[in-house]
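Below you'll find the structure, written out as structure tokens, and then a few comments.
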Amino acid sequence: MAKPAKVTRILHSQGLNASKYSRLSEMAVLCGQVRSDAWRRCSGVSTVRQSPYDVRDDWMAEGYDWHGLPARLGKAVLTDALGDMAAAREAAKVKVKRAIRHRTRNDDAERKRLYSLLKRNRWTEDSFLHRQMRKRWKGGRSHVTNQIVADSGSYTTKVWKGRAWVYLQGMERGQRIAIPLKGTHLPSGTLRIILQPNGQVAVHYAVDETEVCSTRPCGDATVGVDKGYTEAYTDSDGERHGQGLGDLLAAESDHQKVKGQRRHQLRSVAEKHEAKGHHRKADNIRRHNLGRNKWNRRKRQHKKRARNHLCQAAHTVVDKAGTIACEDLTAPMKSARYRHRDTNRRLNGWVKGVMADTLTSISRRRGSAPALVNPAYTSQIDSRTGLLQGRRQWDRFYCCDGAVLDADANAACNILARLYDDEITLYTPFREVKALLVERTRLSVGTAPPGLELRGPATTPPSTESELPASVPKCAD
């Protein structure tokens, strides 16, 4: 049985005073020094075959003082740094494996031998592997000074006066730092306490994915889902989920545009004062009018609002569906249609990556099964016949027989049908999808659809209705 996946939960502090924050900052700097020593001493070949316990015992045998940190916190930081090094090393092995496959295309035995040496961290025994690892894995260094890693024995937790508290081991013996948290959730396991510029901290800890599952069960239907801009999702039953997403994204995009124009004007004024020799005036403008604190804070708040909106929409989809067919929009797609620059700017703020992540994570936690399908030409097919007939224009799909369908619901039905299409898989190139659909249409109606005759390979992938939202209004010049 496979182990449950780990997910990270984040708890934020609330009401942490300046004195506690200062004490945590001093500890974070010392933890950074231990982390820097670990990267300097252990990011090479000499310790690659040692376990974290062996490295820790060697440091303690030589009398390492952990830069004044309590030994328990220092050991936790060392273990965390060694884990980061192992992750970087495994990432480098991916490219080395690619080189191995290229070198041993006709020799399976040699490929297995090199894979075995690489897996056991014994690449120094083969000159080719040693050369590739020197090229791909170059060690590193650390400049992190805002994190504290604490194992389960260096802190205690409790709920007091309606909120959760973490009592972290301090620098003085017997003195703990009480960190108040928002809510009543108590962290567990190894904590990563990250200091934030606003004087508060964020507590990160890992739990099994099954522990954060919603108690609500998923539905039992099978639906296709089309991802959009004005609303997050439209299912194959015609129901819309997450309405108002386009207004939320467009409002933030318009605000950033106006704010950016004003900042550009102020930057021009500062440059003019600088050219005239008024350095004090230019410095005051840069210091008080061109900072990034408010800009970054609003950006973070917008991301949280958008993610919250998408999570609520994903929950409503999972409430009715046990199997969800959705488009795989990881590949970049281009559209040749002309759009106003304001429309392009708003569409560039589309959070399709966050949309995919939230739907996948929530469906898995609640027991639903997401299924990715090929997105090519899903918005250009008549869902009633499955053929390339009709024309999509904005939020309407005009059929050949005069019927008018909702473009989003039509695409969702096509996505659901593609889940059962054995000839069009997830990795079928869009040119082959086009050829197959044209051939199906020709065999059914006796001729290829107008404008889609095969006259050679297409230059750009087709645009689905997901990246060309149906109801985005045209902007006036």
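The values are calculated or read from the model by the stated rules, or taken from the named source; none is laboratory data. This one's a predicted model, so the numbers in the text were calculated from it and none came from an experiment. For neighbour counting, all protein chains shown are included, and Cβ atoms are generated from backbone atoms with ideal geometry for every residue, glycine included. SASA here: full protein model, heavy atoms, side chains in, ligands and nucleic acids out. Shrake-Rupley method; radii C 1.70, N 1.55, O 1.52, S 1.80 Å.
Within segment 1-52, if we keep just the residues that are open to solvent by 60 Å² or more (accessible area, probe 1.4 Å), basic (Lys, Arg) and touching a residue at least 24 places away in the same chain (Cβ under 8 Å), the residue that is farthest from Gln147 (Cα to Cα) turns out to be Arg49. Looking only at segment 391-412, decide whether some residue is in contact with a Leu (Cβ under 6 Å, 6 or more places away or on another chain), of a type outside the set (Asp, Glu), within 26 Å of Leu310 (Cβ to Cβ) and open to solvent by 60 Å² or more (accessible area, probe 1.4 Å). No, every residue in segment 391-412 fails to be in contact with a Leu (Cβ under 6 Å, 6 or more places away or on another chain), of a type outside the set (Asp, Glu), within 26 Å of Leu310 (Cβ to Cβ) and open to solvent by 60 Å² or more (accessible area, probe 1.4 Å). Only one of the numbered conditions (1) of a type outside the set (Asp, Glu); (2) assigned to a helix (DSSP H, G or I); (3) in contact with a Ser or Thr (Cβ under 7 Å, 6 or more places away or on another chain) is violated by Val45, and that is (2).
Arg216 meets each of the listed conditions (1) more than 26 Å from Arg364 (Cα to Cα); (2) exposed (fewer than 13 other Cβ atoms within 10 Å of the Cβ) apart from (1).
Exactly one of these conditions fails for Asn308: (1) under 30 Å from Leu426 (Cα atoms); (2) in contact (Cβ under 8 Å) with a residue 40 or more places away in the chain. Give me its number. Every condition holds for Asn308 apart from (2). Of the helices (runs of 4 or more DSSP H) contained entirely in segment 242-359, those carrying at least 3 residues that are of a type in the set (Gly, Ala, Ser) fall at 245-276, 293-320. Within segment 224-240, can you find the residues that are of a type outside the set (S, T, N, Q), surrounded by 23 or more Cβ atoms within 10 Å (Cβ to Cβ) and outside any loop (DSSP other than H, G, I, E, B)? Gly224, Val225, Asp226, Lys227, Ala232, Tyr233, Asp235 - these are the residues of segment 224-240 that are of a type outside the set (S, T, N, Q), surrounded by 23 or more Cβ atoms within 10 Å (Cβ to Cβ) and outside any loop (DSSP other than H, G, I, E, B).
Condition check: touching a Leu at 6+ places or on another chain (Cβ under 7 Å) and at pLDDT below 90. Does Lys352 satisfy that? Answer is yes for this residue.
Criterion applied to Arg345, Arg339, Arg307 was being in contact with a helix residue (DSSP H, G or I) (Cβ under 9 Å, 6 or more places away or on another chain), surrounded by fewer than 17 Cβ atoms within 10 Å (Cβ to Cβ), among the charged types (D, E, K, R) and under 24 Å from Asp208 (Cα atoms), and the one residue passing it is Arg307.
The strands (runs of 3 or more DSSP E) falling completely within segment 91-196 that include 1 or more residues that are aliphatic (A, V, I, L, M) and open to solvent by less than 50 Å² (accessible area, probe 1.4 Å) map to 147-150, 163-169, 176-180, 191-195. Of Ala376, Ala411, all but one fail to be part of a helix (DSSP H, G or I) and not acidic (Asp, Glu); the exception is Ala411.
Which of the following residues is under 30 Å from Ala71 (Cα atoms) and free of Cβ contacts under 8 Å to residues at least 12 places away in the same chain: Arg173, Arg262? Residue meeting the stated conditions: Arg173. Within segment 111-129, being farther than 18 Å from Gln50 by Cα and in contact with a helix residue (DSSP H, G or I) (Cβ under 8 Å, 6 or more places away or on another chain) holds for Arg111, Leu114, Tyr115, Asp126, Phe128, Leu129.
Looking only at residues of segment 62-78 that are assigned to a helix (DSSP H, G or I) and touching a residue at least 60 places away in the same chain (Cβ under 8 Å), we find that the one that is surrounded by the fewest Cβ atoms within 10 Å (Cβ to Cβ) is Gly68.
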